[in-house]
Each structure stands twice: as C-alpha cells, then as structure tokens.
Amino acid sequence: QVQLVESGGGLVQPGGSLRLSCAASGNIFSIYTMDWYRQTPGKQRELVAGGTSDGSTNYADSVKGRFTISRDNAKNTVYLQMNSLKPEDMAVYYCYVLDLDIDSRREYEYWGQGTQVTVSS
C-alpha cells in the first residue's frame, strides 16, 4: 500500500502562484506516472498535468505555459507549480500515482486526498 500526502493548496488572488506537493510513501515498487488532476463540483475529474519516470510531461491546454509539473524521483514526490492563476483554476487538486511491480507485471493506482485551490480576490 502506498500513501500520498498532498500539500500546498490555499487561497490566492488572480494572477498569483501556488506550489502543490505530493509525497508518496509506503510499499512502493516503481512509480511510473505521477499526475495532477482537478475537480470542481458537478464536473468530472480532469487531468491537469502528468509526468512519467522517463521525464516526459503533458499538460491540459488550459494550463500550458502557466503550470509546470516536476518530480523528485529520489523522494517519490511530484510538484505542480501554478503561476498566473485564474478563477477558473479553482478546484480540488488530486495527486495520482501509477506504481508498477515489474516482476509480477501488476499495476497499482493511488489517489491523494485532494487539496483545495481557491482563486479569488
């Protein structure tokens, strides 16, 4: 079992910045994917930014150029630097991890508890 602990959410004014962190711990095999999703009431959870262990990243069009995902593989931690925040970025942000047991070829998915990001003046 893997535990994910998120931090960094909060209240910020439009145009401001926040940095989210998600640290994975526990019985980790080999984390391949560490992503950030977000969800607002009544809407589906959407991928904001994703990153794999080989360094590839992808972003939702709505955050390209403003958000940056990064990883510290040694610490099993993923970050999301969010700049130029807009009211429409307000959501609960969730960390997602895909952990691979190469020997058994099994995949394990984990979600963080979510952290609220509020963008308001």
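The values are calculated or read from the model by the stated rules, or taken from the named source; none is laboratory data. These numbers come from a predicted model, not from an experiment. Reconstructed Cβ throughout: ideal geometry from the backbone, glycine too, with neighbour counts over all protein chains shown. All accessible areas refer to the heavy atoms of the entire protein, side chains included, with ligands and DNA or RNA removed. Shrake-Rupley method; radii C 1.70, N 1.55, O 1.52, S 1.80 Å.
Assorted remarks:
- At an R0 of 41 angstrom, the distance between the Cβ atoms of THR52 and LEU11 translates into a FRET efficiency of 0.85.
- Neighbourhood net charge (9 Å Cβ-Cβ; Lys/Arg +1, Asp/Glu -1) for ASP89: +2
- Averaging over all projection directions, the Cα-based convex hull of region 45-121 occupies 6.1 nm² in the image plane.
- Accessible area (Å², per residue) of the chain, counting only protein heavy atoms and a probe of 1.4 Å: 55 Å²
- Surface share of carbon and sulfur [accessible, 1.4 angstrom probe, percent] for region 28-77: 45 percent
- Peptides 66-75, 87-96 ordered by average Cβ neighbours within 10 Å, highest first: 87-96, 66-75
- Set of lysines with alpha-carbon distance to LYS86 below 21 Å, sequence-local pairs under 8 removed: LYS43, LYS64
- Pair LYS75, SER62: separation of 7 Å Cα→Cβ label points (nm): 2.9 nm
- Overall, the chain carries a charge dipole of about 340 debye about its Cα centre when +1 sits on the Cβ of Lys and Arg and -1 on the Cβ of Asp and Glu, all other atoms neutral.
- Each Cα pair under 8 Å and six or more residues apart adds its separation to the average, and for the chain the resulting relative contact order is 36 percent.
- Ranking TRP111, ILE28, GLY10 by how far each Cα lies toward the positive end of the dipole of the chain (charges on Cβ) leaves GLY10 at the top.
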